[in-house]
Amino acid sequence: MVSILIIYTGGTIGMVHDPKTGTLIPFNFKQIRQNVPELARLNYRLDVHSFDPILDSSNMTPEIWVELALLIRDKYDEFDGFVILHGSDTMAFTASALSFMLQNLSKPVVLTGSQLPIGEIRTDAKENLITALEIAATKNNGKAMIPEVCIYFDYQLFRGNRAIKYNAEKFEAFRSPNYAVLAEAGVNLSFFGNYILPHPEKKIIVHLDLNPNIGVLKLYPGISKQAVLAITEANVDAIIMETFGSGNTTTAEWFLQCLAQAVAKGKLIIDITQCQRGAVELGMYETSKKLQQMGIISGHDMTFEATCTKLMYVLGLNLDQETSIQLMERSLRGELTS
């Protein structure tokens with residue numbers, strides 16, 4: 001019998017209306033079979049681990065990612081797959097972080113949630129949960145069909161470190177702007193093997209050291225020197241710079257000097273585009289050629305969520321600057337198109 005561990009961190013999916021106050025409150029997910037009787041038709045052994053207290057995903061932190069990674073590590077040999085129930089707001093961050101923390105992952109880790117509470121008549125919670133469980137349980141020739149961290153939402157399965165939340169109102173809450181979906185749930189559950197990571201040959205390695213000391217510099221026309229210096233001179237180890245188009249910035253001398261001084265101090269500066277689709281191509285235009293020359297790192301087509309969590313992972317490895325740069329520009333878990 002296939003065994004799946006359901007990890008309930010919090011989020012809308014586990015909420016019901018309090019008849020006294022009318023507000024949303026969490027129900028006890030240990031009673032999950034009573035709340036989702038359809039699970040009885042799945043011939044799986046299900047176990048549930050609920051966070052106590054449960055979390056609004058806006059309060060997600062790297063420390064909680066470590067807790068999740070430790071739980072998966074400790075239960076890895078006991079279960080065939082893992083389904084994490086999570087608030088949608090920061091789900092892409094958690095999925096991206098876990099993808100880097102769980103090296104050589106050979107079992108599915110599927111994050112899902114919902115836009116409506118599980119007790120609502122029109123809820124998307126039951127379908128998301130049931131299909132996420134089916135995905136986590138699916139095997140091919142005795143091996144897991146999906147040996148990676150992913151997000152299942154509204155009939156589509158996304159690579160976790162390629163997904164973004166783009167809609168707060170529709171059931172179609174997530175998209176993968178620069179990578180194809182891994183599977184679709186229609187009349188049949190269709191997997192697209194060409195886009196799924198291969199099974200690793202080595203045993204899983206769980207990385208627990210994350211360094212979140214990161215700044216974010218989002219460019220806009222008319223940005224002031226004071227605003228830029230507030231980030232480049234801050235006591236951070238790395239900076240994510242969200243630029244225009246294919247990685248372009250202003251060529252004002254004062255701006256380039258701010259960046260060059262930060263790089264000289266050993267800070268990693270990674271350039272990602274503000275566009276949802278497309279990639280950074282440093283040197284393609286004159287406006288980004290000087291960035292390339294001074295040592296700015298190309299984020300290629302990574303999402304902000306993947307860039308942020310990958311930086312935390314790479315900085316946590318405590319490697320020399322050159323090696324860190326090489327790791328940031330190379331695909332480690334399928335997070336970028338090289």
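Please tell me if PHE244 is surrounded by 13 or more Cβ atoms within 10 Å (Cβ to Cβ), at negative phi and among the aromatic types (Phe, Trp, Tyr).
Judged against the criteria, PHE244 is a match.
For the stretch 45-63, which positions are assigned to a helix (DSSP H, G or I) and surrounded by fewer than 17 Cβ atoms within 10 Å (Cβ to Cβ)? Before the answer, list the steps.
Let us first name the residues in the stretch 45-63 that are assigned to a helix (DSSP H, G or I), namely 57-59, 62-63.
If the condition is that a residue be assigned to a helix (DSSP H, G or I) and surrounded by fewer than 17 Cβ atoms within 10 Å (Cβ to Cβ), then SER58, ASN59, GLU63 are the ones that fit.
Give me the residue from the stretch 315-335 that is in contact (Cβ under 8 Å) with a residue 24 or more places away in the chain and under 16 Å from ILE296 (Cβ atoms) and, out of that set, surrounded by the most Cβ atoms within 10 Å (Cβ to Cβ).
MET328
What is the number of the single condition among (1) of a type in the set (Phe, Trp, Tyr); (2) modelled with pLDDT under 95; (3) surrounded by fewer than 18 Cβ atoms within 10 Å (Cβ to Cβ) that PHE192 does not meet?
(2)
Considering each of LEU182, LEU157 in turn, give the residue that is buried (at least 19 other Cβ atoms within 10 Å of the Cβ), more than 21 Å from ILE7 (Cα to Cα) and touching a Cys at 6+ places or on another chain (Cβ under 8 Å).
Within the list LEU182, LEU157, the selection yields LEU182.
Look through the stretch 116-143, keep the residues that are among the polar types (S, T, N, Q) and under 16 Å from LEU157 (Cα atoms), and return whichever of them is surrounded by the fewest Cβ atoms within 10 Å (Cβ to Cβ).
So, considering only residues that are among the polar types (S, T, N, Q) and under 16 Å from LEU157 (Cα atoms), the one surrounded by the fewest Cβ atoms within 10 Å (Cβ to Cβ) is THR138.
Of all residues in the stretch 64-105, count the ones that are assigned to a strand (DSSP E or B) and crowded, with 23+ Cβ neighbours inside 10 Å.
The total comes to 6.
In the stretch 217-235, is there at least one residue being crowded, with 17+ Cβ neighbours inside 10 Å, touching a helix residue (DSSP H, G or I) at 6+ places or on another chain (Cβ under 6 Å) and not in a strand (DSSP E or B)?
Yes, that holds for at least one residue.
Spot the failing condition for LYS20; the list is (1) in a loop (DSSP other than H, G, I, E, B); (2) at pLDDT 95 or above; (3) among the basic types (Lys, Arg), and only one is missed.
Single failed check for LYS20: (2).
Can you go through VAL149, VAL181, VAL83, VAL187 and tell me which one is within 14 Å of the chain's Cα centre (by Cα), in the same structural domain as HIS49 (by TED's automatic domain parsing) and not polar (S, T, N, Q)? Give the derivation first.
Working: VAL181 fails: within 14 Å of the chain's Cα centre (by Cα); VAL83 fails: within 14 Å of the chain's Cα centre (by Cα); VAL187 fails: within 14 Å of the chain's Cα centre (by Cα).
Answer to the selection: VAL149.
For the stretch 247-266: of the residues being assigned to a loop (DSSP other than H, G, I, E, B) and among the polar types (S, T, N, Q), which is surrounded by the fewest Cβ atoms within 10 Å (Cβ to Cβ)?
Restricting to residues being assigned to a loop (DSSP other than H, G, I, E, B) and among the polar types (S, T, N, Q), the top hit is THR251.
The values are calculated or read from the model by the stated rules, or taken from the named source; none is laboratory data. What you see is a predicted model, and the numbers here were worked out from it, not measured in a lab. Because the Cβ atoms are built from the backbone with ideal geometry, glycine has one as well, and the counts that use them run over all protein chains shown.
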